[in-house]
């Protein structure tokens, strides 16, 4: 019997997953370890409010089952049968894709192994072609040839900046000095983003291999992975991957019997968003406070411990082994214009099937939202997407068929960012969304430079003033002036990009801003100070549904007679509006 690999995705913390624990217990009780292996997985392709099970090699995916169904599912695994009623209807989107798949529209390079191998087994990684690229680089290519291959591929940094990866390597290699450092930025901090986490937990060896290739090309003997402390499973699996790579002679002295030596260490991030900025990250690795530094000098000139250093993020590193193995021509044939290859997106928000996807550059938002993620939740109307997290911009419906690539996004006031993509519908208030992102950026500012420290707080105060119904038309120009100052004078990208969501929303949703300012009205009801709920007596039948739902008991009236809302005590939560089935309550 072929060994079956069972991957469990569970929205509960992995160490408390009832599904994972149950399946492991049953395998142990029946002594089936030789034929069934169960793994914790943080990526299966889609996410859900309930657990998901994937069974390989048949790629059977189960969803929407209850705890009491696990016995039946386990017996089906043992007997190599299928329980049809739990089969995932979206399994076509989750199948492994090594080449372009017209049905799923995905093209998996970064996620080629995630969810399809035991992330704690170096043997499985090697069996799927792992470390072949490192071997090829060391024995068939000199360092300059490796760098040229990366440059010719057109790979650009996937952390948000979009700078040429090969050029960054080349600049670092040309710097004098024998001691240089290579770094992986795994300090993923954008709201709603978990792209890096999926790779670190699902395919840690691809990062080890990619960094070893980069170290060989640039001339580094030591590297660091700076990973969030909030990712304990990623840390656990990275530590094992590094340890196993050393045992197999793929890290350490004289790798694969060559003259090339390279060691890799982990450093834990302390939860500061600003440490995603490269100079702040290096300061943190050195044991200092994670504050950004002015540039120049750039890290390629004076980085970690004042030595030439180069940093790439997780997704960038995951692209390196397949580029070296298959060639730059293969990679550059994917994508559009100067945006080559694929991009991983964590799609969240108002979509029916949120999850992690990987698509060729040039894919449209319509394809992402409707073809891959099932459309808008509850069949509501699409309003906008936010790319680039707190540093990006909002993109309205008129751009839904736009090519998603670096240049196009920049041309409309947004940015690619690291890959968080939040979908919004007509119930979302753009002013309130701006307030959320500004609050995040203000909280995460290191406070070192005045434009970011003071400007961000001023922007937040002005937006809060508008959502409270106290805004003035003059506030619009104040917001623009402060934003301009922050963009020009802030020390690092956090302050420079903090105004982006506000400026793009004011540009594309100006009428919504003016409603808040001039009409003192929020069309979505999200800004509670601008909302008033009223009962229309002619439509109210006195069913009492609204009164029963009201948390502060401010609705009164007799049964079968019109009710009244006491505005003095109404907290504007909207529970009455949602409870009424007769359209007797209006939001004004």
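Show the residue pairs meeting these rules: Cβ distance below 9 Å; 6+ apart or different chains; first residue within the range 338-359 and assigned by TED's automatic domain parsing to the domain that holds residue 197 and without any contact (Cβ under 8 Å) to a residue 24 or more places away in the chain; second residue outside any strand (DSSP E or B) and surrounded by fewer than 23 Cβ atoms within 10 Å (Cβ to Cβ).
From the range 338-359, no pairs qualify.
For residues that are without any contact (Cβ under 8 Å) to a residue 60 or more places away in the chain and either under 12 Å from residue 208 (Cβ atoms) or not assigned by TED's automatic domain parsing to the domain that holds residue 200 (or both), tally how many sit in the range 240-251.
The qualifying residues number 4.
If I filter the range 161-168 for residues that are modelled with pLDDT of 95 or more, surrounded by 21 or more Cβ atoms within 10 Å (Cβ to Cβ) and out of contact with any strand residue (DSSP E or B) (no Cβ under 8 Å at 6 or more places or on another chain), do I get at least one hit? Walk me through it before giving the result.
Initially, the range 161-168 is screened for residues modelled with pLDDT of 95 or more, giving 164-168.
From what is left, the residues that are surrounded by 21 or more Cβ atoms within 10 Å (Cβ to Cβ) are 165-166, 168.
From what's left, out of contact with any strand residue (DSSP E or B) (no Cβ under 8 Å at 6 or more places or on another chain): 166.
There is at least one residue in the range 161-168 that is modelled with pLDDT of 95 or more, surrounded by 21 or more Cβ atoms within 10 Å (Cβ to Cβ) and out of contact with any strand residue (DSSP E or B) (no Cβ under 8 Å at 6 or more places or on another chain).
Please go through the range 285-298 and give me each residue that is at pLDDT below 95 and either buried (at least 18 other Cβ atoms within 10 Å of the Cβ) or on the phi < 0 side of the Ramachandran plot (or both), ordered by number. Walk me through it before giving the result.
Of the range 285-298, the ones at pLDDT below 95 are 287-298.
Answer for the range 285-298, where residues must be at pLDDT below 95 and either buried (at least 18 other Cβ atoms within 10 Å of the Cβ) or on the phi < 0 side of the Ramachandran plot (or both): 288, 289, 290, 291, 292, 293, 294, 295, 296, 297, 298.
Identify, from the list 447, 417, 455, the residue that is surrounded by 24 or more Cβ atoms within 10 Å (Cβ to Cβ) and assigned to a loop (DSSP other than H, G, I, E, B). Reasoning before the result, please.
Details: 447 fails: surrounded by 24 or more Cβ atoms within 10 Å (Cβ to Cβ); 455 fails: assigned to a loop (DSSP other than H, G, I, E, B).
Just a single option satisfies the conditions, and that option is 417.
Quick one: how many residues across the range 306-327 are over 18 Å from residue 357 (Cα atoms) and touching a strand residue (DSSP E or B) at 6+ places or on another chain (Cβ under 9 Å)?
Of the residues in that region, 7 qualify.
Could you name every one of the strands (runs of 3 or more DSSP E) located completely within the range 278-395 that has at least 2 residues being more than 30 Å from residue 238 (Cα to Cα) and under 15 Å from the mean Cα position of the chain (by Cα)? Give the steps one after another, and end with the answer.
Numbers: elements: 309-313, 342-349, 355-360, 382-387.
Passing ranges, in order: 382-387.
Would you please name the residue that is nearest to residue 526 (Cα to Cα), looking only at residues in the range 564-579 that are over 37 Å from the mean Cα position of the chain (by Cα) and touching a residue at least 24 places away in the same chain (Cβ under 8 Å)? Talk me through it step by step, then tell me what you get.
Here is the first cut: in the range 564-579, the ones over 37 Å from the mean Cα position of the chain (by Cα) are 564-570.
Okay, now just the ones that are also touching a residue at least 24 places away in the same chain (Cβ under 8 Å), so 564-565, 567, 570.
Working: 564: 22, 565: 19, 567: 17, 570: 15 Å.
For the range 564-579, the residue satisfying everything is 570.
The values are calculated or read from the model by the stated rules, or taken from the named source; none is laboratory data. The shown structure was predicted, so the numbers you read here are calculated from the model rather than taken from an experiment. Note that we place each Cβ from the backbone using ideal geometry, even for glycine, and neighbour counts take in every protein chain shown.
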